[in-house]
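The values are calculated or read from the model by the stated rules, or taken from the named source; none is laboratory data. Fair warning: this is a prediction, and the values are worked out from it, not measured in the lab. Cβ placement follows ideal geometry from the backbone for every residue including glycine, while neighbour counts extend to all protein chains displayed.
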Number of protein chains: 2
Amino acid sequence: MFSGAQVSLYPMSDDFVGIILGAIGSLDPWRDRLRIETDSLSTLMVGPPDVLFPAMRDLFCAAARSGVHTTMHATVSRGCPGEPDDPICTPVAGPSRDLSLAERVEACRAVVATAPVLEQEISVQFSLYPLGVGHHMDEIYGCIEFLKTSGTFLRSKNFCTALRGDAGPVFETLSQAFTGFGATAGHLAMDVTVSANSPSDR
Amino acid sequence: MFSGAQVSLYPMSDDFVGIILGAIGSLDPWRDRLRIETDSLSTLMVGPPDVLFPAMRDLFCAAARSGVHTTMHATVSRGCPGEPDDPICTPVAGPSRDLSLAERVEACRAVVATAPVLEQEISVQFSLYPLGVGHHMDEIYGCIEFLKTSGTFLRSKNFCTALRGDAGPVFETLSQAFTGFGATAGHLAMDVTVSANSPSDR
């Protein structure tokens, strides 16, 4: 399995460089479980989804705490057939995939309910793309049922789904949607945008 | 067919609201061929790909001309089976899909070569997701051959492809990649990030 994300942070401020550099320290607790490379467009993080999502959460929250309107975009991928297996990508946690679909919906919801509350309100929109064969529509409908009852669901939009709430449960919802459904070893991609401190929400 | 994009503009400036509002006027020449709805996370543009891409190009260039480091993200989709057919989405131009794959690669490249030069240097990274059945791998390899010889190709990255050059040919490359390959009526999604005036590039 190979999994990772191309992540970009966008603080809408003249001091965007300072805010980004200030936030990067929040990745330190995750660095031994991720491989990180930065270029002018994004930062590549290679590692298992159950490390990627909390690491992206901490990075985003560190920037959002500046109070500046900040967004983050990530292209997340697992199981891409063109990428080599990498031991750093072995998942370490999460509900067992041996459960029935209904039990998995319940188990993912339970994980979200115990997510830490970080006192940082965020909005998210994301699209989940199951690629190639092996992703039964039952799995997708199970994921949708999970999202709608996750406690973080805001609404369906054209081409994507919007979530809203505290950063802890919202990022856990993304993580469970990405790991809990679809073929276990199948190719799955996610296009996710996170926003905080938007003047449109005031 | 239903096609459209969720588009977000991110000027990294204290005056981000002013720059965004100032750029929106650049959509005026396209408004009769698009349906546009805005919320706090993104602007939905519904219309055919051959209008969507130049409209996004003009919106981005208008913001980038502020000189501020600006990025734009779009989730672009065509042929999503859950969306209703919409007459506004009927494509109006582009090389015929009756050509052979090799002829289409050549035709798409010729369209890019005649794109207007807008004197705005941009960097792009994007992922193209063919969903469901009907997208033969031959089509994907044809698209890759087109990209590598488009004149705008920068490099392959994990999970995405990077382009670089003038906004005219670069957006035309995205448009041709999105419309020229894959099943004509199939479901195709694109996750694209555009950047200009990055201090990392200076």
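Give segment A:68-109 a look and list any residue that's among the hydroxyl-bearing types (S, T, Y), modelled with pLDDT of 90 or more and under 17 Å from the mean Cα position of the chain (by Cα), or say none.
A:T70, A:T71, A:T75, A:S77
Say whether the condition of being assigned to a helix (DSSP H, G or I) and surrounded by fewer than 24 Cβ atoms within 10 Å (Cβ to Cβ) is met by at least one residue in segment A:66-86. Before the answer, list the steps.
Restricting attention to segment A:66-86, the residues satisfying the condition of being assigned to a helix (DSSP H, G or I) are none.
There is no residue in segment A:66-86 that is assigned to a helix (DSSP H, G or I) and surrounded by fewer than 24 Cβ atoms within 10 Å (Cβ to Cβ).
Could you list, ordered by first residue, the pairs with Cβ atoms under 7 Å in which the first is in segment B:62-79 and closer than 10 Å to B:A23 by Cβ and the second is among the aromatic types (F, W, Y) and in a helix (DSSP H, G or I), at least 6 apart or interchain?
B:M72/B:F60
List the pairs whose first member sits in segment A:184-202 and is facing chain B (nearest Cβ under 10 Å), whose second member is among the charged types (D, E, K, R), and whose Cβ atoms are under 6 Å apart, counting only residues at least 6 apart or on separate chains?
Listed by first residue and then by second, the contacts come to A:D191/B:D191.
Starting from residues that are crowded, with 20+ Cβ neighbours inside 10 Å and of a type in the set (V, I, T), keep the ones in segment B:183-202 and report whichever is nearest to A:S127 (Cα to Cα).
Among those residues, the one meeting the criterion is B:V192.
Among the numbered criteria (1) modelled with pLDDT of 90 or more; (2) at the interface with chain B (Cβ under 10 Å from one of its Cβ atoms); (3) surrounded by fewer than 21 Cβ atoms within 10 Å (Cβ to Cβ), which single criterion is violated by A:G132?
(1)
List the residue pairs whose Cβ atoms are under 7 Å apart, where the first residue sits in segment A:131-159 and is without any contact (Cβ under 8 Å) to a residue 24 or more places away in the chain, the second is assigned to a helix (DSSP H, G or I), and the two are 6 or more positions apart or on different chains.
A:F153/A:L147
Here is a yes/no grid of residues against (1) of a type in the set (V, I, T); (2) within 18 Å of B:D166 (Cβ to Cβ); (3) in contact with a Pro (Cβ under 7 Å, 6 or more places away or on another chain); (4) more than 10 Å from chain A (Cβ to nearest Cβ):
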| residue | (1), (2), (3), (4) |
| --- | --- |
| B:V7 | yes, no, no, yes |
| B:P48 | no, no, yes, yes |
| B:L52 | no, no, no, yes |
| B:R97 | no, no, no, yes |
| B:A110 | no, yes, no, yes |
